[in-house]
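Engineer: The structure under discussion is supplied below as structure tokens; questions concerning it will follow.
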Amino acid sequence: MSKHILFLDHDVNYSGSTVSMLRIIEELTAEGFKVSLYTPKNDELAAGLKIPGIEIYKFKFPLINSLALDTHFSAEPAFNGPRGWMLFLINRIKYSLGVKLISGVIGKCNPDLVYVNEHAIIQGAEAAGRKGKKCVVHLRSCFNYGKNSYPHKLIKKNINKYCSAVFAISGMEKEMLDLPADSKISVETVGEFLPEKPVAVSKSAEEIKKEYYIPPGKKIVLSMAGILNIKGGLIFLKAAEILRSKYENVVFVLAGKIYHDGSDKIAYYWKNCSRIIKRLEAKRSLFVTGEVQDINELLYIADIVTVNSIESHFSRPVIEAWSHRRPVIASDVQHHKNMISDGIDGLLYDSVNALDLAAKIEELLSDPAKCNSLALAGFDKTVNVYSKDNTLGKIVRACKRLTEENA
């Protein structure tokens, strides 16, 4: 009889965590596991989750679009002041509601193992514990606000009390757990992963450029930052404006979700970005795509890829660019320092310094040999460090071990 795993999805959007989750589910179903998924995604996005054999349970509750807690490093504001206390109350409600609803789903599908896809839905661990089920948590980012904060204490408590295993996306997330020396919880460091072979692009470079209105015969510098303060899109735009007049044979492409409303901070950031966007678009030097269905198409036509994060987290775009043999210039946040050997398989720049980013872009534009060297070294690292056996293989083996122990 096949073993059954219930995945808990926290994300209303279709982010990198969703892409990664689907790769895990595909691998587990190929290994004979039965998989169920509890998701807050709307019908349109949920349609993209329909892997053959997967059973989908939809989260729906009045006035709440997701059970996700504000534990992610990108969440704001902090748990202090009037807004912070309101946020704390909302999180407590979502936590208690999540335990109740997830417990109900566990009762319906009766899995052998519960897989919490991100610590933002950590209440799933308590629900699993209450129903007597084993649980694993995938830590895809650092916790919000640091040690001794409410999110940190909550996540640590649930992992210590209810979890059998943890998959940490890097050593930084693993260190945040700070587990006691005698802990019996298995903690594996599992970086992001990609298909074993580069994703095939069915269109020609000319067709892709035409689709995005990018003129032919131009070198392309790509960023997937979109517009959000923690992603660093403004630094990319400033660097593009610095270089525009000097390199008329170069265009800049900005992909990713455009955030322009919400908090005052987000609105102010968008205002600053939009001014530069208007100037560059008027000169036909910048092309803003927004979210794209297949980022591999843009990676296929790019000559240089920049990764512009201001807040440190494991950046999937780095290994996506490497897998396409594209040279990477990344901000010098700690995760990037841990991933990239500066000058060997990528270049690092001061994360808040547009002049430094512009200088690094210019360095590669003027040195094709260096571009090629960095790209090949990055590809080799993707194959060797982020291979299927080192990433997906660890997860599948752990899930097999945990479900066999239940037998």
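Readers should treat all values here as calculations from the given coordinates under stated rules, not as data from a laboratory. Bear in mind that the values here come from a model prediction, so they are computed numbers and not experimental data. Note that we place each Cβ from the backbone using ideal geometry, even for glycine, and neighbour counts take in every protein chain shown.
Engineer: Taking the Cα atoms only, what angle lies between the long axis of helix 264-282 and the longest principal axis of the chain, rounded to 10 degrees?
Structural biologist: Tilt of helix 264-282: around 30 degrees.
Engineer: Still on this structure, please answer the following. What's the angle, to the nearest 10 degrees (0 to 90), between helix 81-109's Cα axis and the longest principal axis of the chain?
Structural biologist: 60
Engineer: Would you mind working out the magnitude of the charge dipole of the chain relative to its Cα centre, with +1 at each Lys and Arg C-beta and -1 at each Asp and Glu C-beta, to the nearest 20 Debye?
Structural biologist: 960
Engineer: Now, a different point. Compute the long axis of helix 16-30 from its Cα atoms, compare it with the longest principal axis of the Cα atoms of the chain, and write down the angle in degrees, 0 to 90, nearest 10.
Structural biologist: Between helix and principal axis, roughly 60 degrees.
Engineer: Then there is this: Suppose a student asked you for the relative contact order of the chain, using Cα pairs under 8 Å spaced at least 6 residues apart; what percent would you report?
Structural biologist: Values: 736 pairs, mean separation 53.8, N = 407.
The value is 13 percent.
Engineer: So for the chain, taking the charge dipole from beta-carbon charges (+1 Lys/Arg, -1 Asp/Glu), which of I102, H260, A354 sits furthest toward the positive end?
Structural biologist: Of I102, H260, A354, it is I102.
Engineer: Looking at (1) 84, 52, 51; (2) 65, 55, 47; (3) 64, 49, 43, which value of Cα extents along the principal axes in Å comes from a calculation on the structure shown?
Structural biologist: (3)
Engineer: Would you mind checking the pairs K94/K157; K153/K381; K203/K231 and listing those with alpha carbons more than 27 angstrom apart? Please report the intermediate quantities before stating the final value.
Structural biologist: Numbers: K94/K157 17 Å; K153/K381 35 Å; K203/K231 29 Å.
Check vs 27 Å cut-off fails for K153/K381; K203/K231.
Engineer: Rounded to the nearest 5, what is the percent of antiparallel bridges among the DSSP beta bridges in the chain?
Structural biologist: Values: 2 of 47 bridges.
Taking every DSSP beta bridge within the chain, about 5 percent pair in antiparallel fashion.
Engineer: Something else now. So for each of 248-254, 163-169, 118-124 I average, over its residues, the number of other beta carbons within 10 Å; can you give me the resulting order with the highest mean first?
Structural biologist: Details: 248-254: 19.4, 163-169: 22.4, 118-124: 28.3.
Highest-to-lowest ranking by the protection proxy: 118-124, 163-169, 248-254.
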